[in-house]
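What follows is a short report on a single structure.
Read-outs: derived from the displayed coordinates by stated rules, not from any lab. It should be emphasised that the depicted structure is a prediction, and the values quoted were computed from it without experimental measurement.
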Amino acid sequence: MTSQEIKVAGDRIGVLIGKGGSTKGEIEEKTHTEIRVDSKEGVVMVEGEEAEGVITAVKVIEAVNRGFSPERAFQLMGDVDLVLDVIDLSKSVDTPRQLERVRGRIIGRAGRSREQIEDMTGTSISVHGKTISIIGPFEQVKTSRTAVEMLINGVPHETVFSFLDKKKSEAKQDVIRYYY
């Protein structure tokens, strides 16, 4: 029996459990694990016969905890090549005002900046609390992370999107070279 404990923010416990326990139940079913939630302490215990199932369940719970909807977090169950990467903004900002500014730069007006990074890299991005989290294949997550870090460091949006365009073209060329 393998088990792992994970701390979940109070405001994400309800999302993790889901309506009538549906989200928790789906994670348990698909990963062959048992999940116990201590709502008061925010502690989630995941147990299972197979380590792989426990690890997958923990990744999904971590994604939900980082602000992803259960549907987006469930991507981590369907594909072993997907990773979850978390950028801690508290290391990059000193004041709540700076944090809001950085979050705003990453999200963009009406969510357009985040959406464009997601579209250009094939990743999913969550801006939640003091973290930016990214789900996707390793190489795309690396590219997405670089773009987000550029925005954190104040690089103009146009420069970031040019960088992403270049990366997208390089990836296309790699695919073409690979197959021909």
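Can you pick out the pairs among Lys7/Lys130; Lys59/Lys91; Lys24/Lys142; Lys30/Lys142; Lys130/Lys166; Lys59/Lys167 whose Cα atoms lie more than 20 Å from each other? Before the final figure, lay out the partial values.
Values: Lys7/Lys130 16 Å; Lys59/Lys91 23 Å; Lys24/Lys142 30 Å; Lys30/Lys142 28 Å; Lys130/Lys166 29 Å; Lys59/Lys167 27 Å.
Pairs exceeding the cut-off: Lys59/Lys91; Lys24/Lys142; Lys30/Lys142; Lys130/Lys166; Lys59/Lys167.
Under a GNM of the chain (C-alpha, springs under 10 Å), which listed residue has the highest mean-square fluctuation: Lys167, Lys91, Lys59?
In the Gaussian network model the winner is Lys91.
If you build a Gaussian network model of the chain, linking Cα atoms that sit under 10 Å apart, which residue out of Gly53, Gly136, Gly78 swings the most?
Largest GNM mean-square fluctuation: Gly78.
How many angstrom lie between the Cα centre of segment 103-180 and the Cα centre of segment 71-98?
Their Cα centres are 13 Å away from one another.
Across segment 167-180, in residue order, what do the Karplus-derived ³J(HN,Hα) couplings come to in whole Hz, using 6.51 cos²θ - 1.76 cosθ + 1.60 with θ = phi - 60° and x for Gly and Pro?
3J(HN,Hα) across segment 167-180, in whole Hz: 4, 5, 5, 4, 5, 4, 4, 4, 5, 4, 4, 5, 8, 10.
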